[in-house]
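Here's the structure we're looking at; comments come further down.
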Amino acid sequence: MSIISRFAPSPTGYLHLGHAYSAWLGRSRAAQWFLRLEDIDTTRCKPEFADAIREDLAWLGLRWEGEVRLQSAHFADYRAALEGMAARGLLYPCFCSRAEIAKAQSAPHAAEGIYPGTCRHLSAAERTARMENGAPYALRLDTMRACAQAGALWFFEEATGWVEAQPRRLGDVVLARKDTPTSYHLCVVHDDALQGVTHVIRGEDLREATHIQVLLQKLLGYETPIYHHHRLLLGPDGQRLAKRDKAQTLRALRAEGVHPDTLLRGFAA
Ligand code: GLU
């Protein structure tokens, strides 16, 4: 099987060693490897970081296929996917503020980190009235209903084997916000399908997200790729690397005279 994969960073900071590892792993396995910029959050993403991503990958010698896909240029595609799900009654407007959600989550029987479903129970009349009053809202997936429509959900994870997806672990995720008419989960499944991605190779911090993404794939009629969730590189303090750690950015390493092949050899070791 000829492997098609992608690297999909958000241009919210400079790439660090962990990104380089992920990109190298994908690039070295794939026959076709795409670069996609997850820049839907237009307030946090910056063109200078988008330029830096291209530059840093070129410095590493990791070449991508064709044009870079900028998600911010495709809001209409994501909206169409969202409308399809709305038409099947799978979305509902959520008017809760962050503070209200935090309060409901601290209730004794609340599931940790999961939206408690407050707005799922609003009547149609209540929803319309609030919307007409101009109350801001997000669109959430009715995950239970979606699971009932989707049936059994399985995905293949390299190193683990077949895994039954359990989207309810993530609850009713937000699929669109007032200021961002889509979400990470929606864009990623849409673009993986569009680009014919056969293998999603990414950090294990995204393993949980896979459960909801497999559900979305089924709802949208997309194929489910094979998943490889790789280990995360740690910094000298034993913590996983983050964009705010300046010392391990590829820029900083390059400025110190580190040769890109030294990094890649380290990954392959
Ligand atoms: N944008 C995500 C990140 O930088 C990657 C998403 C993905 O690979 O699915 O962590």
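Within region 61-77, at least one residue is more than 15 Å from the chain's Cα centre (by Cα), closer than 29 Å to Leu141 by Cα, acidic (Asp, Glu) and open to solvent by 50 Å² or more (accessible area, probe 1.4 Å). Within region 158-182, the residues that satisfy the criterion of being surrounded by fewer than 16 Cβ atoms within 10 Å (Cβ to Cβ) and in contact with a His (Cβ under 8 Å, 6 or more places away or on another chain) are Glu158, Ala159, Gln166, Arg169. For first residues located in region 115-126 and polar (S, T, N, Q), partners that are modelled with pLDDT under 95 and lie 6+ apart or on another chain with Cβ distances below 7 Å form the pairs Thr118/Ala104.
In region 227-269, how many residues are among the basic types (Lys, Arg) and under 24 Å from the mean Cα position of the chain (by Cα)? So the answer is 5. For region 141-166, filtering for residues that are in a strand (DSSP E or B), more than 18 Å from Gly203 (Cα to Cα) and of a type in the set (Asp, Glu) leaves 1. Among the residues here, Gly221 does not qualify as of a type outside the set (Ser, Thr, Tyr) and within 16 Å of the ligand (Cβ to nearest atom). Candidates are the residues of region 11-25 that are hydrophobic (A, V, I, L, M, F, W, C) and in a helix (DSSP H, G or I); the one that is most open to solvent (accessible area, probe 1.4 Å) is Trp24. Consider only pairs whose beta carbons are under 6 Å apart and that are at least six residues apart or on different chains; among these, list those whose first residue lies in region 1-29 and is over 18 Å from Leu194 (Cα atoms) and of a type in the set (Phe, Trp, Tyr) and whose second residue is in a loop (DSSP other than H, G, I, E, B) and more than 9 Å from the ligand (Cβ to nearest atom). Pairs found: Tyr21/Leu233. Considered as a group, the residues in region 1-38 that are charged (D, E, K, R) and within 10 Å of the ligand (Cβ to nearest atom) include one that is nearest to Leu263 (Cα to Cα), and that residue is Arg6. Any chance you could count how many residues in region 87-129 are open to solvent by 50 Å² or more (accessible area, probe 1.4 Å), under 23 Å from the mean Cα position of the chain (by Cα) and under 22 Å from Val188 (Cα atoms)? The total comes to 1. Selection of region 62-86 for residues being assigned to a loop (DSSP other than H, G, I, E, B) and either in contact with a helix residue (DSSP H, G or I) (Cβ under 6 Å, 6 or more places away or on another chain) or farther than 24 Å from Lys243 by Cβ (or both) yields Leu62, Glu65, Gly66, Glu67.
Against the conditions (1) in contact (Cβ under 8 Å) with a residue 60 or more places away in the chain; (2) within 16 Å of the ligand (Cβ to nearest atom); (3) surrounded by 14 or more Cβ atoms within 10 Å (Cβ to Cβ); (4) within 23 Å of Val173 (Cα to Cα), Thr42 satisfies every one except (3). What do you reckon, is Tyr227 away from the ligand (no atom under 13 Å from the Cβ), of a type in the set (Phe, Trp, Tyr) and either open to solvent by 10 Å² or more (accessible area, probe 1.4 Å) or modelled with pLDDT of 95 or more (or both)? It is false that Tyr227 is away from the ligand (no atom under 13 Å from the Cβ), of a type in the set (Phe, Trp, Tyr) and either open to solvent by 10 Å² or more (accessible area, probe 1.4 Å) or modelled with pLDDT of 95 or more (or both). Screening Glu55 with (1) surrounded by fewer than 18 Cβ atoms within 10 Å (Cβ to Cβ); (2) within 18 Å of Arg127 (Cα to Cα); (3) not aliphatic (A, V, I, L, M) gives one miss only, at (2).
The values are calculated or read from the model by the stated rules, or taken from the named source; none is laboratory data. Owing to the predicted nature of the structure, the values given are computational and were not obtained by experimental measurement. Glycine also receives a Cβ, built like all others from the backbone with ideal geometry; neighbour counts cover every protein chain displayed. Quick note on the areas: whole protein, heavy atoms, side chains included, nothing else; ligands and nucleic acids left out. Shrake-Rupley method; radii C 1.70, N 1.55, O 1.52, S 1.80 Å.
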